[in-house]
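Please read the structure below before turning to the comments.
Just so you know, all these numbers are worked out from the coordinates, no wet-lab data involved. Quick caveat, the model's predicted, so the values are computed rather than measured. Here the Cβ positions follow ideal geometry from the backbone for every residue, glycine too, while neighbour counts run over all protein chains shown.
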Amino acid sequence: MKKIVQGIITPLVTPLIDNSRLDIAGLERLIEHVISGGVHGIFILGTTGEAQNLAVDLRIELIRQSHRIINKRVPLLVGISDTSITESIRLAEAAGRFGADALVSTPPFYFMMDQTELAEYYESLVPRLSLPLYLYNMPANTKINFDPQTIRRLAENPRVVGFKDSSGSAPYLQQVMHEMRNHDNFSIFVGPEEMTAEMVLLGADGGVNGGANIFPRLYVDLYHAAAKNEIAAVRTLQAKVMAISSSLYTVGENSSSYLKGLKCSLELMGICNGFVASPFTPFNEQQRERIKAALEKLRISCE
């Protein structure tokens, strides 16, 4: 099977008016912004998309609207992560109904699992899905890592087509890549944008990078430079990525600072509403001013 996508996939933020309504005009502007920036795919309802803070019906509406706007110009990947396998299947059915290209799933969270339970969960879920599935490793939020051997076991089913790692551990991801070295049609993506170039140089298929919501062309250029082994260009572009990471994602002291930084930046750019879903709250005025100053400086060098 040909790989569905390689390169930079934008984990799209979810533009919101409030906790129960999408900012549809903002969603349209955001999707046009990232597609015009050359991204290779769009992933909705991931961590950056605040999926777990959104009602299932709202998530389904986001799937419908995103498919309408994208209109098959780039692959659409849909997150189906949930604590309930029934709701995951419901989301997967909606994704199939509205023309998505693939699904993405973290392990169920809250209760801890062992590797046997993890494998058996996916061996129960995958036969009920009509679309290919990417496994999504997010141990900070799910309290479990996919063992490399578990990934290999699940990839015996050809409908399990790839793996996205957001652990932030380069040695771990290299272990996964080594374990899967003979699976030519299995894709491996890295979440943390600070690691994307390094991992692509080592053979990963690309990055699922939140900063591509703001500066999509930068991350696309970084991917291409790494894929072509153009080290001088990688160094130049990597410095810009690190400038983004160290300024826009570090305002405030909470783990939500990354998300708030993205959404505040997009609002300041006039792309979409910056509302963050409960339980989060938006930046105060002083924090917004810090983002504004950082964004103005970054736009000179990154656009």
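Checking Q52, Q65, Q115 one by one, the residue that is farther than 27 Å from L266 by Cα and of a type in the set (S, T, N, Q) is Q115 and no other. If you go through segment 277-292 and pick out every residue that is charged (D, E, K, R) and surrounded by fewer than 11 Cβ atoms within 10 Å (Cβ to Cβ), you end up with 1.
If the condition is being in contact (Cβ under 8 Å) with a residue 40 or more places away in the chain, assigned to a helix (DSSP H, G or I) and among the hydrophobic types (A, V, I, L, M, F, W, C), then segment 251-303 contributes L259, L262, L266, I291, A294, L295, L298, C302.
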